[in-house]
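The values are calculated or read from the model by the stated rules, or taken from the named source; none is laboratory data. For clarity, every value in this text was computed on a predicted model and none was experimentally measured. In case anyone asks, the SASA skips ligands and DNA or RNA and just uses the protein heavy atoms, side chains included. Shrake-Rupley method; radii C 1.70, N 1.55, O 1.52, S 1.80 Å.
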Amino acid sequence: MDSTDTTETTDAVALSTAPADAVTVVAARIGEATGGLPPGDGVGVFGGVYLQVTDAVTDRLGDAGWFRSPVDVARLSTLFADRFLGALTADTPPACWRPLLELRRHPGIRPVQFALAGINSHIQHDLPLSVVDSCRSLGIPPQALEADFHRVNDVLACVEDQVREELLTLPAELDVADPLLHLLGSWSIDAARDAAWASARMLWELRDLPDAYSAAAAALDRTTGMTSRCLLTPLG
């Protein structure tokens, strides 16, 4: 099967009447790309977190009435994953993904830092662009996806709590001023999602102005990368 056939198959699944199946396909692709990496590899750490998210979204897609439009959520999930998977194989990855890809095996970075840096890059940069892509393909404005966007936010918040608990083991005597606590306390998934929604709305308004759209998307890429690099500050 060539790349065109793969794209057509993915689109067909994403537009099917079984949205949970579409997200299951997304999970399989993520698992294939990140599942065989060495323990401690930052990309593998984030891949494990991503699989937790897709599992949680799949469960919710099975709950009647949880999402307003499950098919639209499946389409968004597919386009969203495509950006992460594309960054892994790109000759020149987006600036937002370079910190994780460059520092993925640094011994002084904790697993929870890799996880949050990956979440930051994916949410702050990939998500707003994926919302715009979804809206273009579906012929709808972002407001039509807003309710489901925030429902996904509820799922992500639960996963983030689990990630912090699973990946962050701190000695009881750790001082409240420890740099790791300060670093992790400075980032919030709720703030990241709110910023992503604002970015999606802004990019949508610029969709018919190619130069302005490209400049705004490039600036978003750079600033997201700066935040991810800060989250990956080696702390020994």
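Descriptive notes on the structure:
- Breaking point among (1) modelled with pLDDT of 95 or more; (2) under 17 Å from Leu76 (Cα atoms); (3) aromatic (Phe, Trp, Tyr), for Phe149: (1)
- Residues located in region 53-74, provided they are assigned to a helix (DSSP H, G or I) and of a type outside the set (A, V, I, L, M): Thr54, Asp55, Thr58, Asp59, Arg60, Pro70, Asp72
- Taking the conditions (1) of a type in the set (S, T, N, Q); (2) open to solvent by less than 60 Å² (accessible area, probe 1.4 Å); (3) in a loop (DSSP other than H, G, I, E, B) in turn, Ser77 satisfies each one other than (3).
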